[in-house]
Amino acid sequence: MIESHLSLLMVVLPLLAAPIVAVLPNGRLPWAVSTLVSWSVFYLAAWQLMNVSTGHVISYELGGWAPPWGIEYRIDAVNALVALIVSGIAALTLPYALKSVTKEIPQQQHALFYAAFMLCLTGLLGIAQTGDIFNLFVFLEISSLSSYALISLGKKRQALTAAYQYLIMGTIGATFFIIGVGLLYAMTGTLNMADLAQRLPELYEHRTIHTAFAFIMVGFALKLALFPLHVWLPNAYTYAPMVVTIFLAATATKVAVYVMLRMVFTVFSVSFIENTPVDELFLLLCVMGILGMSFYAIYQKDSKRLLAYSSVAQIGYMVLGIGLGSVLGVTATLVHLFNHALMKGALFMAIGALVYRVGSSRLEHFSGLGKQMPWTFAAIVIGGLSLIGVPGTAGFISKWYLVLAAIEKQNWLIVAVILIGSLLAVAYVWKIIEVLYFKATDELEQKNITVKEAPLMLLIPMWVLVLANVYFGFNTELTVGTVEQAVKLLIPGVNE
Amino acid sequence: MMEIILEHYNYWLGVIIMMAGFYTVISRGNLVKKIVGLNIFQVSVFLFYISIGNVKGGAVPIIEKGITLYSNPLPHVLILTAIVVGVATTALGLALVVRIKEAYGTIEEDDIHNQDQSL
């Protein structure tokens, strides 16, 4: 019984920490408390994953109200994996934050910054844990509202307009989602995901259900920045403070992809999707997104924006797996969800280290830094290789499964797109590496101004993620093993 | 046809308000007007939820002797939460507009765009 309480504790802990952190005196204390909370949450998430990876499902009734009337937390391998990603990235980002935040955000805002960060963590973990779709909406808004505030703290004034733009689009997305939820409730009288899954099949022909599905899909396509609904993302990632970019890039869109998986495969089902144009639509948008956005990334002059466009393309790979709608496809989606968090986390942390020293994220200011900051440079190289999908890195594993899924469906166009996308990734990763290593050092450095390597507090979290990229490129037991377990739950009736 | 419209007038009203709000968000360049549009858009969803809670001939959901048919209170409770979320979104949105006004001296989208381009 105690185990299910711990699943709730994961969400409640950062929620309670938020107001406490907000009233703490500015200085190191808010940071220390947040870090402590994120580490304990990570510990709980790891423990939770161990518990459910055997196929066991934790069900927790909030306030003792039995589902489907009460809110239920239903943890299986899928939730547990997502919760692990979110809390793991938080646990690495916060140690990184100490130096980075001191540099980017005025001292008097630190307590509030960490409070908003804790709220964002609460929201994302809540989405991952809950088994009730209205509760999911509430957590979605907790995480969204706090991320708007976090993005607006960026140094440049464009951060404000980026946050505003995200607020408008994010709210439209969330509102679409509750319209869909309302329609589902009107038809079935339940909000519990498992219960919905049981009641929906007999209504599959009903037009209201199709409308509800469309609203939910468009709402979350906005949230996960599926091309062409991604317009908010590049600005938000470019102008947000570095720590926020790292955290959101590695978690927020991943959580939205998870919700889409849940909706498509748990609440609805493969047989429902097959009778809708959704799968073809997803494939079409993903193909356009992967090619278009990768191409766009090559022409960016700002390193953060470059990686942001690359993120939109990478989201294309994840949704591609959903669009393929097969066991292999969903495996690829979940594996890539995990691996992309690792590689984008590592890359943004490395960019953050450069920004920490140079004070700008524009590529022209990075000339020749590769030799001055070898550890950061090496992190970018390995992270970049993983992003491209070179064998021996985590990125390869997810691309491998995706290609397998496409071949299984005999969809050669998709196979070609995945490979071309990787080639384009080579081009944009090379662009960063070229500036860092092969560009002549500019005038500043000719006057003997040397740039020091990033401080250890930035290097350690960065390298943990870099090494994780390599580790999960060789040892796929944790990722693929857990994911296979998860896919069995998402697509039941799979003959092994 | 007329009957369908009249019988479900609350739903039709909801759709009209929804589209009016959504159109305002998309078409207006003034940041405050956009927030107002967003608010109207959200209100239509409140109306929709309140409508689906109504049971034909049902009484107010307070237990009383002799009444067997009640309206469904759950959507109303749900929308109470959504209203709170809406208030928070509006507050945050307006706070951002205030900060944008301080930073740019204008709240017109086109002017802001021009200022950022000229940098």
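Let me confirm something: among A:Glu453, A:Glu484, A:Glu445, which residue is modelled with pLDDT under 85, open to solvent by 20 Å² or more (accessible area, probe 1.4 Å) and part of a loop (DSSP other than H, G, I, E, B)? None of the other options fit; the residue is A:Glu453. Right, A:Asn79: surrounded by fewer than 22 Cβ atoms within 10 Å (Cβ to Cβ) and not in a strand (DSSP E or B) or not? Criteria not met by A:Asn79.
When A:Trp400, A:Trp412 are checked against the criterion of being open to solvent by 40 Å² or more (accessible area, probe 1.4 Å), touching a Pro at 6+ places or on another chain (Cβ under 9 Å) and either modelled with pLDDT under 90 or not small (Gly, Ala, Ser) (or both), a single residue qualifies: A:Trp400. Can B:Ile83 be described as away from chain A (no Cβ under 11 Å) and open to solvent by less than 70 Å² (accessible area, probe 1.4 Å)? So B:Ile83 passes the test. Under the condition of being touching a residue at least 40 places away in the same chain (Cβ under 8 Å) and among the small types (Gly, Ala, Ser), the residues counted in segment A:54-79 number 3. Within segment B:104-118, restricting attention to residues that are over 19 Å from B:Ser27 (Cα atoms) and open to solvent by 40 Å² or more (accessible area, probe 1.4 Å), the residue that is nearest to the other protein chains (Cβ to nearest Cβ) is B:Gln115.
Considering the conditions (1) within 14 Å of chain B (Cβ to nearest Cβ); (2) hydrophobic (A, V, I, L, M, F, W, C); (3) over 23 Å from the mean Cα position of the chain (by Cα); (4) buried (at least 21 other Cβ atoms within 10 Å of the Cβ), A:Ala149 is excluded by exactly one of them, (3). What do you reckon, is A:Phe220 open to solvent by less than 10 Å² (accessible area, probe 1.4 Å) and more than 12 Å from chain B (Cβ to nearest Cβ)? Against the criterion (open to solvent by less than 10 Å² (accessible area, probe 1.4 Å) and more than 12 Å from chain B (Cβ to nearest Cβ)), A:Phe220 qualifies.
Would it be correct to say that A:Val78 is touching a Leu at 6+ places or on another chain (Cβ under 8 Å) and more than 19 Å from A:Met242 (Cβ to Cβ)? Here the answer is yes, as A:Val78 does meet what is asked. All told, A:Pro25 falls short of being modelled with pLDDT of 90 or more and either open to solvent by 20 Å² or more (accessible area, probe 1.4 Å) or assigned by TED's automatic domain parsing to the domain that holds A:Ile89 (or both). Among the conditions (1) closer than 30 Å to A:Leu160 by Cα; (2) facing chain A (nearest Cβ under 10 Å), the only one that B:Leu78 does not satisfy is (1). In summary, A:Met288 fulfils each of the numbered conditions (1) surrounded by fewer than 24 Cβ atoms within 10 Å (Cβ to Cβ); (2) in contact with a Gly (Cβ under 6 Å, 6 or more places away or on another chain) with the single exception of condition (2). Take the conditions assigned by TED's automatic domain parsing to the domain that holds A:Gly123, crowded, with 16+ Cβ neighbours inside 10 Å and hydroxyl-bearing (Ser, Thr, Tyr) and apply them to A:Tyr43. Does it pass? Considered against the rule, which asks whether it is assigned by TED's automatic domain parsing to the domain that holds A:Gly123, crowded, with 16+ Cβ neighbours inside 10 Å and hydroxyl-bearing (Ser, Thr, Tyr), A:Tyr43 comes out as no.
Scanning segment A:332-360 for residues that are charged (D, E, K, R) and modelled with pLDDT of 90 or more yields a single hit, A:Lys344.
As a summary of the residue check, A:Gln108 satisfies the conditions (1) closer than 28 Å to A:Asn469 by Cα; (2) surrounded by fewer than 23 Cβ atoms within 10 Å (Cβ to Cβ) except for the one numbered (1). Screening B:Thr24 against (1) more than 22 Å from A:Gly182 (Cα to Cα); (2) touching a residue at least 12 places away in the same chain (Cβ under 8 Å); (3) loosely packed, with under 13 Cβ neighbours inside 10 Å leaves a single unmet condition, (3). On the stretch given as segment B:86-96, residues that are touching an Asp or Glu at 6+ places or on another chain (Cβ under 9 Å) and surrounded by fewer than 20 Cβ atoms within 10 Å (Cβ to Cβ) total 1.
Residue by residue, here is whether (1) within 11 Å of another protein chain (Cβ to nearest Cβ); (2) closer than 16 Å to A:Tyr166 by Cα; (3) of a type in the set (Ser, Thr, Tyr) holds:
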| residue | (1), (2), (3) |
| --- | --- |
| B:Glu7 | no, no, no |
| B:Trp12 | no, no, no |
| B:Ile16 | no, no, no |
| B:Ile26 | yes, yes, no |
| B:Lys34 | yes, yes, no |
| B:Gly37 | yes, yes, no |
| B:Phe41 | yes, no, no |
| B:Ser44 | yes, no, yes |
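Scanning segment A:48-59 for residues that are surrounded by 16 or more Cβ atoms within 10 Å (Cβ to Cβ) and in a helix (DSSP H, G or I) gives A:Gln48, A:Leu49, A:Asn51, A:Val52. Counting only residues that are away from every other protein chain (no Cβ under 12 Å) and either of a type outside the set (A, V, I, L, M) or open to solvent by less than 70 Å² (accessible area, probe 1.4 Å) (or both), segment B:46-65 holds 7 of them.
Considering only segment B:67-74, I want to know if a residue exists there that is more than 9 Å from every other protein chain (Cβ to nearest Cβ), at pLDDT below 85 and open to solvent by 90 Å² or more (accessible area, probe 1.4 Å). There is at least one residue in segment B:67-74 that is more than 9 Å from every other protein chain (Cβ to nearest Cβ), at pLDDT below 85 and open to solvent by 90 Å² or more (accessible area, probe 1.4 Å).
Only one of these is facing chain B (nearest Cβ under 10 Å) and touching a Leu at 6+ places or on another chain (Cβ under 8 Å): A:Thr171, A:Thr161. Name it. Step by step, each of A:Thr171, A:Thr161 is checked, and only A:Thr171 is facing chain B (nearest Cβ under 10 Å) and touching a Leu at 6+ places or on another chain (Cβ under 8 Å). When segment A:180-189 is filtered for residues that are open to solvent by less than 10 Å² (accessible area, probe 1.4 Å) and at the interface with chain B (Cβ under 7 Å from one of its Cβ atoms), only A:Gly182 remains.
The values are calculated or read from the model by the stated rules, or taken from the named source; none is laboratory data. Keep in mind the model is a prediction, meaning the values are calculated, not measured. Reconstructed Cβ throughout: ideal geometry from the backbone, glycine too, with neighbour counts over all protein chains shown. Keep in mind that these areas ignore ligands, DNA and RNA; they rest on the heavy atoms of the full protein, side chains included. Shrake-Rupley method; radii C 1.70, N 1.55, O 1.52, S 1.80 Å.
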